[in-house]
Amino acid sequence: MMGDINANIRGLRGIGEKKAQAFNKLGVFSLFDLISYFPRRYEDRSRLSHIALTLDGESVCVCALVADTPRLSRIRRGLDIVRFRAVDGSGAVDISYFNQSYLKDKFHRGESYYFYGKIQVSGSHRSMTNPVFEPENSPRRVTGKIVPVYRLSAGLSAKDISGAIEQALAQCIDSIPELMPESLRERLRLAPVELAYKNIHFPADEKTLEAARQRLVFEELFVLACALGRMRGQRSRSGGIVMPLGDIEEFWRAMPFVPTGAQRRCVDEALNDMCSGAEMNRLVQGDVGSGKTLVAAALVWYAFKNGRTSAFMAPTEILAEQHFDTLTKLLSPLGLRIVRLTGSMTAAEKRKARELLANGEFDLVVGTHAILSEGVEPKRLGLVVTDEQHRFGVEQRARLVGKGENPHVLVMSATPIPRTLALIIYGELDVSIIDELPPGRQKVDTFAVDESYRARLNGFIRKQIGEGRQVFVVCPMVEENDELPQKLKSAEEHAKELAQVFPELKVGCIHGRLKPKDKDAVMAAFVHGEIDILVSTTVIEVGVDVPNASLIVVENAERFGLSQLHQLRGRVGRGQHKSYCVLVSDSDGEDVRRRLRIMTRTNDGFRISEEDLRLRGPGDFFGSRQHGLPELHMAELGADAQLMQQAQTEAAALLASDPGLTFPEHTALRERVELLFSKNAQGFN
Ligand code: ADP
Ligand code: MG
């Protein structure tokens, strides 16, 4: 009989209203939801251990003979114990059960049982408390196999879940849709869908379980890759502006320095898009200081050669100013007319800028969100660049794109993330990576210290400033619900302290409660050298360039993630001065020490982000669903990187032959992809 996999779980034996509600809480409504409720882990009870060889703390399965008559003793009211000794050929173990007095008569001296549980070893004495058991010569249900462990919820036991899944599988195993095209399944040797669902819940053995897992992980990543690939396809097929003119060598020759190989490659990849007739949607990822601005400048020049204008948008005033200066220096000698448009300009200045844009008397506009305002209508817009992408929402990017007719889009991000993850997060964008720094860049020497170094640190700050340098000091954001006994310093308090320690120096402070305009003013004063020490929360994280700053001190460094620390460190070492990063933390937590140690050992942003991903997992890596990553049930991005790559390649190949997934053999796949879209309607960005 073919059961309906969309049937409600209420139809199952043993599931009444209460249990159904408990399942609903876990997101399980239909039989399909139920069989897709995968175990979190497994207990391997399939291997028998010799008692004498077991190690303290190990969970083991032993087969042992009850060696004495079980004794019941009452410790106090409400606490009794059944105890006996069991032996196998190798040794003995003392077994106790708490508050299950009926077990006294269940075990018989001289009979053998399987026991599964955690072993405790002290000296040569071994014991087990409340092990799972069954008689040696009865059908084995809870030992002798690999047993799934599910996430439970109030009102549901492991038995409830297993039992329900067993019924659901019996009813509908033959109607689970096979999403994977047969040829693909054969080529990659993926287990058939029935086998996969059966064994993920009730593994026959380790090998089959692994095959089941592989298949389901691949399926999950493949569906995701197809969903993202379709989004990308929908955007870029709609006719981009073809830009066939211009020799990029001419641009490189005009630059003050030779491009790195990586810069050259990124530009070539983008130029390919811009010549292809499709719309470019490209992310350029490069570590801090890798020279992303030059890549953008090359493309702006190229659009100019093709009679098109460009818009360059930065997330803050100060960054927009900096980009305006840099790009003017690089591009105006080549004949480009560059216009600035930021919120802090006067009304008259803005009007003037808008006019230039509307009349097409410009080649590049550089600015902030102000570019997005009503009435800003840049003529012949062919290229849109946004810097530091995590500060802009998709919607803002879309609005900027809407100012032209299908302009090419380049997004620049300084948050290096592992490539596999980039494939998912920026799935609708093509990705170029600048994995090389310009030559001669000095590494930032990094030290992790504790409070006992405070006096020396102050001396070091004084010395740097004495040599004409400037110093960043970063404090964690203090949340209202933080417990303060642990000496968390707010930026404001710390700035006051520093002002007392260094009465002769100018100390500035940027914190969350300042208005954006005031923040920018303090920042500008620092850029212009009017402030020696700038104390702030992480607002300085985004790519501000203060080449004269040679030291960054991070207070309570344990409060920052690895990638964040790396971003912060990137604020120094941008000029010709030898630069330093000091991470101050009194925490002696194991993983804090590990994080800080990684920082002191490497300056490579990609390595750091991989470590970060490993330490924290993808969820925390980006904060709570900030990037709209759909929840993955099977795949672990750190561990399944290779499968992700493979899923991506296969999805791309499949979409190339059937972009709309309209072939009859792709119907099941299309339905699943659409399900993913509907569940994450506003989730993707
Ligand atoms: P980021 O990728 O962090 O935005 P920038 O574009 O600000 O990096 O570049 C960092 C610094 O490196 C700038 O001062 C820039 O002039 C310099 N730079 C960029 N490309 C090169 C290169 N190929 N050779 C030497 N210096 C370069
Ligand atoms: Mg930059």
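Can you find, among GLN645, THR342, SER550, the residue sitting farthest towards the positive end of the charge dipole of the chain, where Lys and Arg contribute +1 and Asp and Glu -1 at Cβ? Toward the positive end, the furthest listed residue is SER550. Pull out a ≥ b ≥ c, the square roots of the eigenvalues of the alpha-carbon gyration tensor of the chain, then state rounded if a/c is under 1.5, prolate if not and a/b is larger than b/c, and oblate in the remaining case. It is oblate, given that a/c is not under 1.5 and a/b is not larger than b/c. If you take the beta carbon distance between GLU17 and PHE257 as r and set R0 to 60 Å, what does 1/(1 + (r/R0)^6) give as a FRET efficiency, to the nearest 0.05? Step by step, r from the Cβ atoms, then E = 0.25.
Positive-end ranking of ILE161, SER332, THR69 along the dipole of the chain, with charges on Cβ about the Cα centre, is headed by THR69. Shown are SER46, SER36, SER452, SER585, whose ranking by accessible area with a 1.4 Å probe and every protein chain present, most to least, is SER452, SER46, SER36, SER585. When DSSP beta bridges are restricted to pairs lying wholly in the chain, around 40% turn out antiparallel.
Largest to smallest in accessible area, the residues TYR116, TYR42 fall in the order TYR42, TYR116 (1.4 Å probe, all protein chains included). Close amide H partners of GLY240, meaning residues 5 or more places away or on another chain with modelled amide H under 5 Å apart, are ALA278, GLU279. Derived from the Cα gyration tensor, the three semi-axes of the equivalent ellipsoid of segment 86-222 are 39, 18, 14 Å, largest first.
Given a cut-off of 17 Å, what percent of all Cα-Cα pairs of segment 162-253 lie beyond it?
Taking all Cα-Cα pairs of segment 162-253, the fraction more than 17 Å apart is 65 percent.
Among 299-306, 151-158, 212-219, sorting by the average number of other beta carbon atoms lying within 10 angstrom of each residue, highest first, gives 299-306, 212-219, 151-158. With a ≥ b ≥ c the root eigenvalues of the C-alpha gyration tensor of segment 115-187, is it rounded (a/c under 1.5), prolate (a/b larger than b/c) or oblate? The shape class here is prolate.
Solvent-accessible area per residue in the chain equals 47 Å², computed with a 1.4 angstrom probe and all protein chains kept.
Potential lengthening of the chain between GLU374 and LYS463 amounts to 27.0 nm, from the contour at 0.36 nm per residue minus the alpha-carbon distance. The charge dipole of the chain, taken about its Cα centre with unit charges on the Cβ of Lys, Arg, Asp and Glu (plus for the first two, minus for the last two), comes to roughly 900 debye.
Charges at C-beta only: +1 for Lys and Arg, -1 for Asp and Glu. How large is the resulting dipole of segment 1-136 about its Cα centre, in Debye rounded to 20? Working shown, then result.
On the way: 20 positive and 15 negative charges, 123 e Å.
About 600 debye.
Within the accessible area of the chain, the carbon and sulfur atoms contribute 49%, probe 1.4 Å, all protein chains present. Could you tell me whether segment 283-386 comes out rounded, prolate or oblate from its Cα gyration tensor? Rule is a ≥ b ≥ c as square roots of the eigenvalues, rounded for a/c under 1.5, then prolate if a/b exceeds b/c, otherwise oblate. Taking the square roots of the gyration eigenvalues as a ≥ b ≥ c, segment 283-386 is oblate. Pairs exceeding 25 Å between alpha-carbon atoms, taken from LYS350/LYS519; LYS145/LYS198; LYS292/LYS506; LYS292/LYS517: LYS292/LYS506; LYS292/LYS517. Ranking SER536, GLY91, VAL288 by Cα position along the charge dipole of the chain, where only Lys, Arg, Asp and Glu carry charges on their C-beta atoms, puts GLY91 farthest toward the positive end. Averaging the Cα positions of each part gives two centres, and for segment 586-608 and segment 267-343 these lie 34 Å apart.
Working ranking of peptides 274-280, 84-90 by packing, defined as the average number of other Cβ atoms within 10 Å per residue, highest first, is 274-280, 84-90.
Take each peptide in 162-168, 530-536, 243-249, count the other Cβ atoms within 10 Å of every residue, and average; sorted highest first, the result is 530-536, 162-168, 243-249. For the pair GLU451 and GLU590, the difference between a 0.36 nm per residue extended length and the Cα-Cα distance amounts to 48.3 nm. Computed with a 1.4 Å probe over protein heavy atoms only, the accessible area of HIS125 comes to about 80 Å². Each label point was placed 7 Å from the Cα along the Cα-to-Cβ direction; for ALA170 and ASP518 their separation is 7.0 nm. Residues ASP640, ASP586, ASP450, sorted by accessible area with the largest first, give ASP586, ASP450, ASP640 [1.4 Å probe; ligands and nucleic acids excluded]. Remark: the ARG607-LEU188 segment gains 147.9 nm on full extension, using 0.36 nm per residue and subtracting the alpha carbon distance.
The values are calculated or read from the model by the stated rules, or taken from the named source; none is laboratory data. Source: prediction; values computed, not measured. Cβ atoms come from the backbone with ideal geometry, glycine included; neighbour counts cover every protein chain shown. All accessible areas refer to the heavy atoms of the entire protein, side chains included, with ligands and DNA or RNA removed. Shrake-Rupley method; radii C 1.70, N 1.55, O 1.52, S 1.80 Å.
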